[in-house]
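Colleague: The structure follows.
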Amino acid sequence: MTEMDEKLIGALRHDARASLSQLASMLGWSRATVRARLTKLKESGEIVGFSVVLKNDLIRDPVRGLMMIAIEGRGTDRIIRQLSSMPEMRQVHSTNGRWDVIVEIGTQTLEEFDNVLFRVRRLEGITSSETSLLLATRKTG
């Protein structure tokens with residue numbers, strides 16, 4: 001990906017609904033250049049789609065957080081299945097480094113959030129965890 005591609009993606013992240021003419025004006029390029037770069041990015045698979053972020057997507061879970069989890073032995077697949085079945089889990093990621101799994105949790109209240117943490121910590125095979133509340137979202141997508 002070139003510097004031009006990165007600038008185009010940055011402009012699209014700012015406003016994915018911008019027309020080719022608007023993007024060209026923002027970037028100081030010709031409309032044909034914007035169209036060609038955009039086509040190339042889609043055909044190469046760098047851009048796989050466009051999405052809409054609704055206000056309700058951000059307020060759906062007033063209490064959100066990330067929980068980093070360490071797992072003993074070979075229980076990762078089993079624990080990922082257990083975590084994935086919990087309705088409060090928004091995303092479950094396997095990782096490398098200190099933590100084996102990172103989950104994004106979303107609930108309506110701090111009490112519900114605390115209950116989820118309690119349930120997760122009781123899963124057999126989890127050796128330690130660390131949780132951070134998400135206070136504000138500055139950028140999505």
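The values are calculated or read from the model by the stated rules, or taken from the named source; none is laboratory data. Everything numeric here is computed off the predicted structure, so don't read it as measured data. Ideal geometry is used to build each Cβ from the backbone, glycine not excepted, and the neighbour counts take in all protein chains shown.
Colleague: Please enumerate the residues belonging to the range 117-136 that are closer than 11 Å to ARG64 by Cβ and not in a strand (DSSP E or B).
Modeller: LEU135, ALA136
Residue by residue, here is whether (1) surrounded by 17 or more Cβ atoms within 10 Å (Cβ to Cβ); (2) in contact with a Leu (Cβ under 7 Å, 6 or more places away or on another chain); (3) charged (D, E, K, R) holds:
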| position | (1), (2), (3) |
| --- | --- |
| GLY97 | no, no, no |
| ASP100 | yes, no, yes |
| GLN108 | no, no, no |
| GLU111 | no, no, yes |
| ASP114 | no, no, yes |
| PHE118 | no, no, no |
| ARG122 | no, no, yes |
| GLY125 | no, no, no |
| THR137 | no, yes, no |
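Colleague: Of all residues in the range 109-130, count the ones that are among the polar types (S, T, N, Q) and within 12 Å of ILE79 (Cβ to Cβ).
Modeller: Qualifying residue count, the range 109-130: 2.
Colleague: Condition first: basic (Lys, Arg) and over 16 Å from LEU41 (Cβ atoms). Now tell me which residues in the range 10-25 satisfy that.
Modeller: Scanning the range 10-25 gives a single hit, ARG17.
Colleague: While we're on this one: Applying the selection to the range 21-46, what residues are within 15 Å of GLU3 (Cβ to Cβ) and not β-branched (Val, Ile, Thr)?
Modeller: LEU27, GLY28, TRP29, ARG37, LYS40, LEU41, GLU46
Colleague: Among the residues of the range 71-114, write down those that are more than 18 Å from GLU130 (Cβ to Cβ), assigned to a loop (DSSP other than H, G, I, E, B) and touching a strand residue (DSSP E or B) at 6+ places or on another chain (Cβ under 8 Å).
Modeller: GLN108, THR109 - these are the residues of the range 71-114 that are more than 18 Å from GLU130 (Cβ to Cβ), assigned to a loop (DSSP other than H, G, I, E, B) and touching a strand residue (DSSP E or B) at 6+ places or on another chain (Cβ under 8 Å).
Colleague: Any residue at all in the range 54-67 that's at pLDDT 95 or above, under 15 Å from the mean Cα position of the chain (by Cα) and over 30 Å from ARG17 (Cα atoms)?
Modeller: yes
Colleague: Are there helices (runs of 4 or more DSSP H) fully within the range 1-70 with at least 1 residues that are within 30 Å of GLN108 (Cα to Cα) and free of Cβ contacts under 8 Å to residues at least 24 places away in the same chain? List them.
Modeller: Helices (runs of 4 or more DSSP H) meeting the threshold: 3-14, 55-59.
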